[in-house]
Amino acid sequence: MFSPGDVDGDGKNDLLARQYNGELFLYRWTGGATEPFAGRVRVGAGWGAYDQLVGIGDNDGDGKGDVVARTPSGKLYFYGSTGNTAAPFKAPKEVGTGWQIYNQVLAADDVNGDGRADLLARDQSGALWGTAAAATARSRRG
């Protein structure tokens, strides 16, 4: 389970959960004290192809939470939000390769001040890299 932030644009942070079979479900936050999340909505299958799913917050500037997904081979994909709870993500865009050198990919808020959410990555030695530094390290290491 992870939160990409506000997926549907209602101003409330939502949750996503992936089942072992690769199905992804959205749990919209209602803000209610007794039932803080609405019932789950299946938003897609095939998410088992990724070894890491990261809720990155609003990375594309549309005010809705986005997701980054990594394959075991190190390909990194970006899923922008649509705002539609039945189909909350646009088609994936490949945004990088070589990310298998990191054992953890993490979301960070806007670290570099450009108004967009950023990524951090931890390598096998425990060093933490920022988005630009991670890309540089990836190109040096293969």
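The values are calculated or read from the model by the stated rules, or taken from the named source; none is laboratory data. Treat the numbers as computed from the prediction; the structure is a model and nothing was measured. In this analysis, Cβ positions are derived from the backbone assuming ideal geometry, glycine residues included, and neighbour counts consider all displayed protein chains. Keep in mind that these areas ignore ligands, DNA and RNA; they rest on the heavy atoms of the full protein, side chains included. Shrake-Rupley method; radii C 1.70, N 1.55, O 1.52, S 1.80 Å.
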Inset, instruction - For Tyr20 and Ala86, compute 0.36 nm times the residue count separating them, minus their Cα-Cα distance, and round to one decimal in nm. - result: 21.7 nm
Inset, instruction - Over the range 9-52, calculate the relative contact order: mean separation of alpha carbon pairs under 8 Å at least 6 apart, over the residue count, as a percent. - result: 35
Inset, instruction - Leaving ligands, DNA and RNA out of it, rank Lys90, Lys12 by accessible area with a 1.4 Å probe, largest first. - result: Lys90, Lys12
Inset, instruction - Please give the FRET efficiency for Ala127 paired with Ser73, using the beta carbon to beta carbon distance and R0 = 22 Å, rounded to the nearest 0.05. - result: 0.50
Legend entry - FRET efficiency estimate (nearest 0.05) - Cβ-Cβ, Thr30 to Asp51, R0 30 angstrom: 0.45
Inset, instruction - Would you calculate a helix-derived [θ] at 222 nm for the chain, using -39,500 (n - 2.57) for each DSSP H run of n ≥ 4 and dividing by the full residue count, to the nearest 500? - result: -2500 deg cm²/dmol
Inset, instruction - Please tell me the relative contact order of the chain in percent, rounded to the nearest whole number, where contacts are Cα pairs under 8 Å and at least six residues apart. - result: 17
Inset, instruction - Run the quick spin-label model on Lys93 and Phe37: label points 7 Å from Cα toward the beta carbon, then report their separation in nm to one decimal. - result: 2.8
Inset, instruction - Find which of Ala33, Tyr102, Pro92 sits farthest along the positive direction of the dipole of the chain, computed with +1 on the beta-carbon of Lys and Arg, -1 on that of Asp and Glu, about the Cα centre. - result: Tyr102
Legend entry - Helix 131-141 vs. the chain, principal-axis angle (Cα, 0 to 90°, nearest 10): 40
